[in-house]
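The values are calculated or read from the model by the stated rules, or taken from the named source; none is laboratory data. Everything numeric in this text was worked out from a predicted model, so none of it was measured. Because the Cβ atoms are built from the backbone with ideal geometry, glycine has one as well, and the counts that use them run over all protein chains shown. Quick note on the areas: whole protein, heavy atoms, side chains included, nothing else; ligands and nucleic acids left out. Shrake-Rupley method; radii C 1.70, N 1.55, O 1.52, S 1.80 Å.
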Amino acid sequence: MSHTIELLAPAGSPEGVRAAVQSGAGAVYMGFGTFNARRGAQGFSPDEMADAIAYCRARGVKTNITLNILAGDRELDDALRDAKFLYEAGADALIVQDLGLARLIHAHAPDFALHASTQMTIHTLDGAREARDIGFSRVVLSRECTRDEVRLITEQAGVETEVFVHGALCMCYSGQCYLSAVIGQRSGNRGLCAQPCRLPYNGGYPLSLKDLALAGHVAELAALGVSSLKIEGRMKRPEYTAIVTKIYADLLRERRDPTPAERDTLRRVFSRDGFTDGYYTGRTGDRMFGTKTDVPLSEVQALYDEAARRFAPGKEAPLVPVSLCFTARADTGAVLSADGVSAMAPVEQAQNRPTTPEMVEKSLRKTGGTPFYVKNLRIELEDGLVVPASVMNGMRRDALALLLAKRGAPPSRDWLEGPLLARDEESAPRAGFLGYTASVRTRAQAEALQGLGLETVYVPLAVAAQTGLPAVLPRVFSDNEQPEIEMQLGEAMSRGCKTVLAGNIGHIALARRLGFAVHGDFGLNAYNSKTLHALAEMGVQRQTLSFEARLAQVRDMRGPLETELIVYGYLPLMIFENCAIRRQHGGKCSCEQGITYLTDRRGARFALLPEYGCRNTLLNSRPLCLQEHVAQLGVQTARLLFTTETPEECARIAQAFLTNTPLEGEFTKGLYKRGVE
């Protein structure tokens, strides 16, 4: 028995909602308020959002609303107010990134479906299962997942999966990009990414990927058991939504590949030098990159005009089946029932020509201008009666209007009031400052730091397997690579390693299962106190706070675990699945030949470093230094993040922090003073 698979289309405005629904979407996702990852979209007022939800509900289309950015402690009440409004308006699900906000919503509305945003960087079986265990009913998988990874997670995670099938691709794993935030205070984790990856570096566009198109894999994704196929594009015009949605709706309904004409239509309405399916098929490399293709408006105007007619006000596709029952008797009059609602009218004895069943059927099947089509029709007509066609038409209109209103009405739902997580405030007071920690990339750096008095030195897992020091898990690894990771963890444990630094919820599950103490890294995006409580419940004992938070926000964050803040280092701004180092060296692997840099238009140089599995990290151009603020942070540990520094530089910088000796050099205070929008 085949499962139901939905096509999920974007809408950035009320017109976009009509465009998606009238073009065949099974579900629509929209942003509301300031807590969604497309804050630059036109957006919806509360009344418009309630109307949009009702419009979709009446037509059998689900609504998934994005509350998918990080929220600070002082914003959580407002975010929760938005969630309550959406719950009572009848939204089917919320797409959420922030672990703390998800925990709050789940406490107040346990039956409200929560979908784990792609911003949570879920790309492994462990990650999907962990999301399921903390209350998410669906996970939106990272766009980097291959066909085999999608299959594995869908088959074994025990949670619905949602896969992007069309639209923009970020160079960085979603939820792990800090480039826009650090260079321009516009955070992707706060819904305001300025897309610096689309800009030139080194005279080219090494970070600009083509748009994704899995149009040729729709039938396969349906067969894999994926629950939802997602089209990206809330910032695009409604005509774009209408055109792309209709093509994918046709492909999904007919379980076929696109025709050459359909592929050409997709290309003309928007592409970046064509499209790519490279992540899904596992064929990464140069062919995945491209910049926006400008198509003259004259080439697409006819497409736009045709699409606009489809969702013009008052236009209705016959989306909803209805069963009608018409009875007419001399003693009770005429009654038209339509799926639980009814309309009535008087009847008369025929003087000349009585009403026939054929005449009734002709009137009742005229459902144009409504979202209904007649699936079943039963007529019981007493002989010798007259019901004028105008009367029957009025009954049909009245009954269908009542049915539309009934279908669009929000369900009765109970939002649990009160401070349901008040026990959070009873957390034991945290310890004072315990000391400095450091994370390094090489064994030589770690050895240079031994004996200086650092509280902890974290080393890459491969080094931990040799030394037994606390291990930093690779920020990204696949299920296919996990056996090797587990083997190295076993070797590290056998040498005395007891702690791992985990940057993903899947890592937490793995480390916990193998018996390690878990410290959370910056990739978990801890941005508020409720997230600290959520992570503590998942087994994290110490958590690195987000470096996108202001110092005042850092001081706000309180939870039942130790907290840490990065106070020195070249901050990691992006992590790539696609090797940018190889691209900068003519397709040759050159990780052993020194550091590769990307230089932007202003001359700033960003180091590219190799990561596990031929992935890359992009570092900031200047190192962070918060030396004079450490005493006021309120955290238990402060971390020195060493990357490109020599072992001697690591030791010198650590000594300076430990002895409170001022460091000389050109530094940045990152976002701790400026914050992000």
Given the conditions (1) farther than 20 Å from Ala71 by Cβ; (2) at pLDDT 95 or above; (3) part of a loop (DSSP other than H, G, I, E, B); (4) open to solvent by 10 Å² or more (accessible area, probe 1.4 Å), every one holds for Cys170 apart from (2)
If I filter region 397-408 for residues that are modelled with pLDDT of 95 or more, in contact with a Gly (Cβ under 8 Å, 6 or more places away or on another chain) and of a type in the set (A, V, I, L, M), do I get at least one hit?
yes
For region 385-393, does any single residue satisfy the condition of being assigned to a helix (DSSP H, G or I), open to solvent by 40 Å² or more (accessible area, probe 1.4 Å) and small (Gly, Ala, Ser)?
yes
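Every residue, every condition in (1) touching a Phe, Trp or Tyr at 6+ places or on another chain (Cβ under 7 Å); (2) among the aromatic types (Phe, Trp, Tyr); (3) open to solvent by 20 Å² or more (accessible area, probe 1.4 Å); (4) modelled with pLDDT under 95, yes or no:
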site	(1), (2), (3), (4)
Pro470	yes, no, yes, no
Leu473	no, no, no, no
Asp479	no, no, yes, no
Met487	no, no, yes, no
Gly490	no, no, yes, no
Arg495	no, no, yes, no
Thr499	yes, no, yes, no
Asn504	no, no, no, no
Leu510	no, no, no, no
Take the residues in region 272-317 that are in contact with a Gly (Cβ under 8 Å, 6 or more places away or on another chain) and acidic (Asp, Glu), then tell me which one is nearest to Ala242 (Cα to Cα).
Glu316
Top-ranked residue in region 587-605 [being farther than 28 Å from Glu481 by Cα and touching a residue at least 12 places away in the same chain (Cβ under 8 Å); ranked as surrounded by the fewest Cβ atoms within 10 Å (Cβ to Cβ)]:
Arg601
Scanning region 644-677 for residues that are of a type in the set (D, E, K, R), part of a loop (DSSP other than H, G, I, E, B) and touching a residue at least 60 places away in the same chain (Cβ under 8 Å), the one surrounded by the most Cβ atoms within 10 Å (Cβ to Cβ) turns out to be Glu645
What do you reckon, is Met359 more than 30 Å from Arg639 (Cα to Cα), among the hydrophobic types (A, V, I, L, M, F, W, C), out of contact with any strand residue (DSSP E or B) (no Cβ under 6 Å at 6 or more places or on another chain) and surrounded by 15 or more Cβ atoms within 10 Å (Cβ to Cβ)?
yes
Scanning region 329-342 for residues that are free of Cβ contacts under 8 Å to residues at least 24 places away in the same chain and crowded, with 16+ Cβ neighbours inside 10 Å gives Val335
Quick one: which strands (runs of 3 or more DSSP E) sit completely within region 48-160 and have at least 1 residues that are open to solvent by 10 Å² or more (accessible area, probe 1.4 Å)?
62-67, 113-116, 138-140
Counting only helices (runs of 4 or more DSSP H) entirely within region 218-318, those with at least 3 residues that are of a type in the set (D, E, K, R) are 238-254, 260-269, 297-310
Give the residue, chosen from Gln584, Gln541, that is free of Cβ contacts under 8 Å to residues at least 60 places away in the same chain and either β-branched (Val, Ile, Thr) or open to solvent by 30 Å² or more (accessible area, probe 1.4 Å) (or both).
Gln541
When residues of region 291-328 are filtered for being more than 30 Å from Tyr373 (Cβ to Cβ) and either loosely packed, with under 12 Cβ neighbours inside 10 Å or at pLDDT 95 or above (or both), how many remain?
6
Please go through region 288-310 and pick out each residue that is in contact with an Asp or Glu (Cβ under 7 Å, 6 or more places away or on another chain) and hydrophobic (A, V, I, L, M, F, W, C).
Ala307, Ala308
Subset of region 23-45, residues at pLDDT 95 or above and either crowded, with 24+ Cβ neighbours inside 10 Å or closer than 24 Å to Gln97 by Cβ (or both), comes to Ser23, Ala25, Gly26, Ala27, Val28, Tyr29, Met30
Quick one: would you say Leu454 is more than 28 Å from the chain's Cα centre (by Cα) and either buried (at least 23 other Cβ atoms within 10 Å of the Cβ) or of a type outside the set (S, T, N, Q) (or both)?
yes
